[in-house]
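Remarks on the structure that follows.
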Amino acid sequence: MTAREDARVNASPELTDAPEPEESVPMMSPSLDVKRTTPMDKEEIKRAFLDNLFYVQGKFPVLATQHDYYMALAHVIRDLLLHRWVSSASVYTAEKARTVCYLSAEFLMGPHLGNNLLNLGMGEQIRQALAELGLSLDELMQEEAEPGLGNGGLGRLAACYLDSLATLEIPTLGYGIRYEFGIFEQEIADGWQLERTDKWLRYGNPWDIARPEWAVEVKLGGHTEHYRDAKGEPRVRWKPEQTVVGIPYDTPIAGYRNNTANTLRLWRAEAPESFDVAVFNRGDYYGAVEQKVKSENLTKVLYPNDEQVKGKQLRLEQQYFFVSCSLQDMLRIMRVQHIPLERFHEKFAIQLNDTHPAIAIAELMRLLVDEHGMPWQQAWAITRRSFAYTNHTLLPEALERWPIGIFASLLPRHMEIIYEINAGFLEEVRSRFNGDHDRVGRLSLIDEGGERYVRMAHLACVGSYAINGVAQLHSELLKSDVLRDFYELWPEKFQNKTNGVTPRRWLALSNPSLAGFITANIGEGWVTDLDKLKELERRADDAVFGAKWREIKRLNKHQYAMYLRHKTGVGVDPESLFDVQVKRIHEYKRQHLNILNVIRMYLELKANPNLDIQPRTFLFGGKAAPGYRMAKLIIKLINAVGSVVNRDKSLRNQLKVVFVPNYNVSNGQRIYPVAELSEQISTAGKEASGTGNMKFQMNGALTIGTLDGANVEMLEEVGAENFFLFGHTVDDIQRLQREGYRPFETFERNGILREVFSLLQSGFFAKGDAELFRPLVENLLYSDPFFVLADFQSYADCQDEVGRVYQDAGRWTRMSILNVARSGKFSSDRAIDEYCRDIWNVKPVKTNLLKQHRIMHRSIQ
Ligand code: 26W
């Protein structure tokens, strides 16, 4: 009898009388019985749950807190995942399967419990078992601290892609950083954003397992020594100034209703020696732990900047740390599977999630040449066939470039390797574009102008066999603008991979009433084949269907209105049009255009109190990078307008403005199902793709948007009659820029704008303080870099059209049904299918759950 077995017998009295299940095996809990994918019946769930309450939390129900119950449940579910996990890992090992390695500095996973229950198909069973123990699954789910290991779009895309890769049974390793503190928690105080430390690990994390046995060492700083080896071959030795140890933590990533569980491997840094007793004995107590503190600082916190490079050395250290750990881990897997080094690029397809992990190209060269003695050319051939690079932004301020000083002092060997790569590369450029020195300078990995920089996007392009943008328009702009020179050099490398989102979390999990209704009408195939939603088209004109469709949204709104009052104290009318803009706060995303229009509508209502407009609730949400002053001022303005409008009785509740604090994955799951209008109003040519736009469409919201990012493809899919389009196109904006855009003239020519600005400048929304919003007002009147004033009237007119169309409930509902029916393309399954076919050349590997005894006798990855 094992510890777990006796415990079960002794610990939870009410379960002792239950007969011993026949098929249960001595060692592991019955969940390992292969023949059933949903292993446990209610009684077994309750027993395992109470087992864990005692053995994991050391609690009996009388003493247990909600959090204890959550942890006990989480361990029940995690244990169920273990069986798949071990089975997948062992079939991948046995088949030496080609594996996708997704390298990302951010993974915005969101809470695991609900998603794992959905993918295991156990939600209902667990809910009933807990209910019989007097517990509520929904309440326990609130106990989970959201792992906020990302800023926004890029990090969340990585998470959606892991879900699709597991659901499509593609052998995958997600590699990243296990930040001790994720994205800050946002509090709003007196209308201003406050950042609170995100202590997501304070109660421990039941969803990952430390794997110290696979720890690796990472070097930093120091210098290189060039020497000749026994065979007289030139070799380089790196004498680091500091070494840190990388500890991997593995989180199982379950596919939807299959036997697959892939691995997300996040690295934590620690000191080789966490306590130096010799230094301590010399009385230098702080010195004794100095190494420990320095090393652990490496993975202490996520940089909260979204699309602004801050060029901090620690950021480069973080990037190099997780990249070196991950590549060393891949080489270990090669060794374990006895695959010769020369075939590295056949075993692994490595995706660089933007330039943040791009140092991997130089690091693989160092490992192959310096650590494994491979000839340079052979190593370079392997390296260029191992990496592919995804670009997620066109903003110049978001393109990473490291000052040579910082780079060379932290990574002296990589500096040499990059110079050598650059030499070979520029030779190729010169041979292709003879005498075109400007082009050579523009393409070089080194920016020689003024202070010298390493251009990480250039390194990524030179070291990758594929380069892709994340929406058709974005990929075109990469080829015609940001990476034009590389496109002219290697057009064959350039591809488009339009983003997608997982329909599991963003529809099936977050909007169960709509998901259930869809399944009731077209079956459940859509969950793994979203194009099946097309079958809803034939219901678009069905009045009964439409009424039910409207009722589902209406009930979601009512529930959310109660949540909102509880969270913000603001009461909103659930019958009003829910107009939602949630995303990181950034001037190119133009939250300020949205609030200027709200002020316009407010002024119109004040001028005509009996005006009968479509009552609206404007919901905003999003974090601003702590150092981004204009973004923080925009948050203040939204709250300032809200505090006036929401209290103005003369409006008869026709307008409400609410800033929902701490927008994150959990709050996203609450807000997408209640939205009716999705604000995708970025300056054309600035939003690479957007993914929130896709989540809104899947949940039946209509989009008001510009021809930017993936909006263009959404418009194509749903049809112009089902999309509220406004604003200047990319070409218009480029022409305006060429001809010289003078926002002040636009302002002068537009009476409504003048009214809006005079109210703003008067201090009306700032308790009379006319100075508060001056920076924003002057930015818009005299530079307006994101063409807010240029698009204002078109936007305002479009918003009025929205109000009119909403009044025709039948027409609105038809448009909503067609938007959902035509959202199939925007599934992350479609995107991943394309990556597998066009970039990674990888095939699914089916996992058959292993019999328990076979697991005990097999080595795994
Ligand atoms: C170095 C600072 C930094 C941090 C993050 C620079 C750039 C980033 C990311 C690339 C920003 C980001 O999340 N970009 C968003 O990526 C999404 C996924 O592809 C797109 O849908 C969004 O349009 C894009 O803004």
Problem - Rounded FRET efficiency, nearest 0.05, which uses the C-beta distance separating Ala770 from Lys649 and R0 of 25 Å - result: 0.50
Exercise for the section: Can you tell me the dipole magnitude for the stretch 503-826 around its Cα centre, using point charges on the Cβ only (Lys, Arg +1; Asp, Glu -1), in Debye to the nearest 20? Expected result: 1240
Exercise for the section: At a Cα cut-off below 27 Å, give the lysines reachable from Lys96, other chains included and same-chain residues fewer than 8 away excluded. Expected result: Lys35, Lys347, Lys843, Lys846, Lys851
Practice task
Write out the trypsin sites (Lys or Arg not before Pro) in the stretch 232-311 meeting two conditions: DSSP loop, and at most 12 other Cβ atoms within 10 Å of their Cβ.
Solution key: Arg282, Lys310
Practice task
Could you check how many percent of all C-alpha pairs in the chain are farther apart than 41 Å?
Solution key: 39
Exercise for the section: Could you calculate the contour length gain from Thr519 to Lys843, that is, 0.36 nm times the residue separation minus the distance between their Cα atoms, to one decimal place in nm? Expected result: 113.7 nm
Fill in the blank from the handout: For the stretch 35-113, listing trypsin sites (Lys or Arg not before Pro) in a DSSP loop whose Cβ sees at most 10 other Cβ atoms within 10 Å gives Lys35
Problem - Pairwise FRET efficiency - Asp481 versus Ser794, Cβ, R0 = 25 Å, nearest 0.05 - result: 0.55
Handout entry: Per-peptide average of other Cβ atoms within 10 Å, ordering 556-562, 431-437 highest first
Key = 556-562, 431-437
Practice task
Treating only the Cβ atoms of Lys and Arg (+1) and Asp and Glu (-1) as charged, compute the dipole magnitude of the chain about its Cα centre; round to the nearest 20 debye.
Solution key: 240
Practice task
State the three equivalent ellipsoid semi-axes of the stretch 490-567, derived from the C-alpha gyration tensor as the square roots of 5 times its eigenvalues, in descending order and whole Å.
Solution key: 30, 20, 12
Handout entry: Long pairs among Lys557/Lys695; Lys567/Lys606; Lys497/Lys825, criterion Cα-Cα beyond 22 Å
Key = Lys567/Lys606
Problem - Whole-percent carbon and sulfur share, accessible surface of the stretch 53-123, 1.4 Å - result: 63
Fill in the blank from the handout: Here the Kirkwood hydrodynamic radius of the stretch 503-826, Cα-based and in Å, equals 20.1
Handout entry: Per DSSP, loop GluC sites (Glu not before Pro) in the stretch 757-861 with at most 14 further Cβ within 10 Å
Key = Glu771
Completion exercise
Expressed in angstrom and rounded, the centroid-to-centroid distance over alpha carbons for the stretch 116-162 and the stretch 793-819 is 34
Handout entry: Dimensionless Rg ratio for the stretch 84-179, taking C-alpha atoms and the 2.2 N^0.38 Å reference
Key = 1.28
Exercise for the section: Net charge near Pro240: determine it from the other residues with C-beta under 15 Å of the C-beta of Pro240, scoring Lys and Arg +1 and Asp and Glu -1. Expected result: -3
Fill in the blank from the handout: For the chain, dividing by residue count, accessible area per residue (probe 1.4 Å) in Å² works out to 38
Practice task
Would you be so kind as to identify which of Ser87, Ala254, Pro609 lies farthest towards the positive end of the dipole of the chain, taking Lys and Arg as +1 and Asp and Glu as -1 on Cβ and the Cα centre as origin?
Solution key: Ser87
Fill in the blank from the handout: Around Asp354 (Cβ within 11 Å, Cβ-to-Cβ, excluding Asp354; K/R +1, D/E -1) the net charge comes to -3
Practice task
Distance check, please: which entries in Lys632/Lys656; Lys583/Lys632; Lys553/Lys649 exceed 23 angstrom between their Cα atoms?
Solution key: Lys553/Lys649
Exercise for the section: Could you check how many percent of all C-alpha pairs in the stretch 706-856 are farther apart than 21 Å? Expected result: 67
Practice task
Could I get the Rg over Rh figure for the stretch 187-278? Both from C-alpha atoms, Rh via Kirkwood, rounded to two places.
Solution key: 1.19
Exercise for the section: Heavy atoms only, probe 1.4 Å: what % of the accessible area of the stretch 503-826 goes to carbon and sulfur, would you let me know? Expected result: 51
Problem - Environment charge of Ser104, counting only residues whose C-beta is closer than 11 Å and scoring Lys/Arg +1, Asp/Glu -1 - result: -1
Practice task
Give the calculated FRET efficiency between Glu537 and Arg211 to the nearest 0.05, with a Förster radius of 60 Å applied to their Cβ-Cβ distance.
Solution key: 0.80
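The values are calculated or read from the model by the stated rules, or taken from the named source; none is laboratory data. In this text the structure is predicted, and so the values were computed from the model without any measurement. Don't worry about glycine lacking a Cβ; one is built from the backbone with ideal geometry, like all the others, and counts go over all protein chains shown. Ligands, DNA and RNA are excluded from the accessible area calculation, which covers all protein heavy atoms including side chains. Shrake-Rupley method; radii C 1.70, N 1.55, O 1.52, S 1.80 Å.
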